[in-house]
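For reference, the structure is listed below as structure tokens.
The values are calculated or read from the model by the stated rules, or taken from the named source; none is laboratory data. Computed from a predicted structure; not experimentally measured. So basically every Cβ, Gly included, is an ideal-geometry build from the backbone, and we count neighbours across all protein chains shown. What goes into the accessible areas is simple: the full protein's heavy atoms, side chains included, and nothing from ligands, DNA or RNA. Shrake-Rupley method; radii C 1.70, N 1.55, O 1.52, S 1.80 Å.
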Amino acid sequence: WALIACDVGQGDGLVADNGNGHVVVIDAGPDPEPMRACLDRIGATAVDLVVLTHYHADHVGGLSAVLERPVAEIRASPVLEPPVEATRVARLAAAAKVPVGELRAGQRLAVGSVTADVWWPERRIDAGSVPNNGSVVLTMHVRGTTILLAGDIEREAAGQVLHESQLDPQRWGHIDVLKVAHHG
């Protein structure tokens, strides 16, 4: 397998395989138990990276279950809204001694065999839902499969991402799988 969408109910909780029990987690759903069960079921022993697309509870509420395993790093949206959840994530990470960094358009990640290109956020959008439009959008490359992860971007941010993709379509390359924005 390359990517699993965990059954977390409302929200997103995805896991990319990085080999030998190591994984990359993208969002953690609203509650710890479904995320814990998913990670247990696939035999995840270490988390090389956690990507939090944005700070809504249905994407970060299950983070405590992810942090029960060794986690190397958390990277998240620079839009720290809603502040209650952003603060909770910072507290959980600090307690687990896991560094937290930001993800912005133009960054490239390489974690073991998993690589990713970050396409959004490039700037803050105050229209629509600020946290949703501040979602991290990235293409993740896992075992020869390219997955476009669209967070919860709304019309305003989606328009910007689409515009960027049309400026240089070859830079985006071929997309094999789309994780539709805002849970479809």
Could you order ILE42, ILE153 by accessible surface area, starting with the largest, using a probe radius of 1.4 Å? ILE42, ILE153
Taking amide H atoms as placed 1.01 Å from N in the peptide plane, list the residues 5 or more away in sequence, or in a different chain, whose amide H sits under 5 Å from that of VAL142. ILE147
Computing the accessible area with a 1.4 Å probe over protein heavy atoms, can you report the carbon and sulfur percentage for region 104-143? 47 percent
Rounded to the nearest 5, the percent of DSSP beta bridges in region 1-49 running antiparallel is 70 percent
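Would you rank ARG155, ARG171, ARG69 by solvent-accessible area, highest first, keeping every protein chain in place and using a 1.4 Å probe?
Ranked list, largest accessible area first: ARG155, ARG171, ARG69.
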Tell me which residues come under 5 Å, amide H to amide H, from GLU122 once H is placed; ignore anything under 5 positions away on its chain. ALA105
The chain, helix-only ellipticity at 222 nm - DSSP H runs n ≥ 4, -39,500 (n - 2.57), divided by all residues, nearest 500: -7500 deg cm²/dmol
Space enclosed by the convex hull of the alpha-carbon atoms of region 27-116, per residue, Å³: 86 Å³
Test of understanding: what is the full-extension gain from ALA96 to ARG123, defined as 0.36 nm times their sequence separation minus their Cα-Cα distance? 6.7 nm
If I take every Cα pair under 8 Å that is 6 or more residues apart in region 90-184, average their sequence separation and divide by the length, what percent do I get for the relative contact order? 21 percent
Which value, in Å² and to the nearest 10, is the accessible area of ASP58 when all protein chains are kept and the probe is 1.4 Å? 30 Å²
Could you state the accessible area per residue of region 1-65 in Å², with a 1.4 Å probe and every protein chain left in place? 32 Å²
If you put +1 on each Lys and Arg Cβ and -1 on each Asp and Glu Cβ, how big is the dipole of region 15-122 around its Cα centre, in Debye rounded to 20? 280 debye
When N counts the residues of the chain, how does its alpha-carbon radius of gyration compare numerically with 2.2 N^0.38 Å, as a ratio? 0.94
Give me the net charge for the shell around VAL24: Cβ to Cβ below 9 angstrom, other residues only, Lys and Arg +1, Asp and Glu -1. -2
Using θ = phi - 60° and the Karplus form 6.51 cos²θ - 1.76 cosθ + 1.60, what ³J(HN,Hα) does each residue of region 29-37 get, whole Hz, x for Gly and Pro? x, x, 9, x, 4, x, 5, 4, 4
Could you compute Rg(Cα) / (2.2 N^0.38 Å) for region 15-66, with N its residue count? 1.03
Diffusion coefficient in µm²/s returned for region 78-167 by Stokes-Einstein, Kirkwood Rh over C-alpha pairs, 10 °C and 1.306 mPa s, is 112 µm²/s
Residue-ordered couplings for region 68-82, obtained by feeding phi - 60° into the Karplus form 6.51 cos²θ - 1.76 cosθ + 1.60 and rounding to whole Hz (Gly and Pro as x), are 6, 9, x, 10, 7, 6, 10, 10, 8, 4, x, 8, 8, 10, x
Along region 115-128, Karplus-curve 3J(HN,Hα) (6.51, -1.76, 1.60; θ = phi - 60°) to the nearest Hz, with x for Gly and Pro, reads 10, 8, 10, 8, 10, 7, x, 9, 7, 7, 10, 8, 8, x
